[in-house]
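Notes follow the structure.
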Amino acid sequence: KSMMDCCRGFFSSVSYAYTTIPTYPSGQIGFLLCAKDPGTTFEKPLRAPSDAQQETFQYYSPAIHQAAFILPEFVRKKLDLQPFKLG
């Protein structure tokens, strides 16, 4: 939480996301995303891959992108974040 608070002092948009990585020692890794543009929304992809591109992907999809921002409740509460709304 202290790192997010620190980042909010420098950046207008700050979000936290995580993903699972089976080869990573704990199995999960978190990302702190920051932007100076207050209109930045990391949670929603700016563009979607074409159907042909999506067919070649083994992991990424716009849905998994959004799901990365849905945190366990204890994390969401600890970071004082609003519940994430899909869509």
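The values are calculated or read from the model by the stated rules, or taken from the named source; none is laboratory data. Predicted model only: the values in this text are computed from it and were never measured. All Cβ positions, even for glycine, are placed from backbone atoms using ideal geometry, and neighbour counts span all protein chains on display. The protein model used for the area step is the full one, side chains on, heavy atoms only, and it has no ligands, DNA or RNA in it. Shrake-Rupley method; radii C 1.70, N 1.55, O 1.52, S 1.80 Å.
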Confirm whether PHE31 is open to solvent by less than 50 Å² (accessible area, probe 1.4 Å) and among the aromatic types (Phe, Trp, Tyr). no
Hits in the range 34-87 - residues which are under 18 Å from TYR18 (Cβ atoms), open to solvent by less than 100 Å² (accessible area, probe 1.4 Å) and hydroxyl-bearing (Ser, Thr, Tyr): THR41, TYR60, SER61
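So, in the range 19-28, how many residues would count as being open to solvent by less than 60 Å² (accessible area, probe 1.4 Å) and either closer than 23 Å to CYS6 by Cβ or hydrophobic (A, V, I, L, M, F, W, C) (or both)? Break it down into steps so the answer makes sense when it comes.
From the range 19-28, those open to solvent by less than 60 Å² (accessible area, probe 1.4 Å) are 19, 21, 27; that's our starting set.
Now narrow it down to the ones that are either closer than 23 Å to CYS6 by Cβ or hydrophobic (A, V, I, L, M, F, W, C) (or both): 19, 21.
Going through the range 19-28 one residue at a time, the tally reaches 2.
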List pairs: first residue in the range 57-76 and part of a helix (DSSP H, G or I), second residue among the aliphatic types (A, V, I, L, M) and loosely packed, with under 15 Cβ neighbours inside 10 Å anywhere in the structure, Cβ distance under 7 angstrom, at least six positions apart or on different chains. PRO62/ALA48; GLN66/LEU86
How do the pairs read when you match residues in the range 4-15 that are at pLDDT 90 or above with residues anywhere that are surrounded by fewer than 12 Cβ atoms within 10 Å (Cβ to Cβ) and not in a helix (DSSP H, G or I), using Cβ under 7 Å and keeping only pairs 6 or more apart or on different chains? PHE11/LYS36; SER12/LYS36; SER12/ASP37; SER12/PRO38; SER13/ASP37; SER13/PRO38
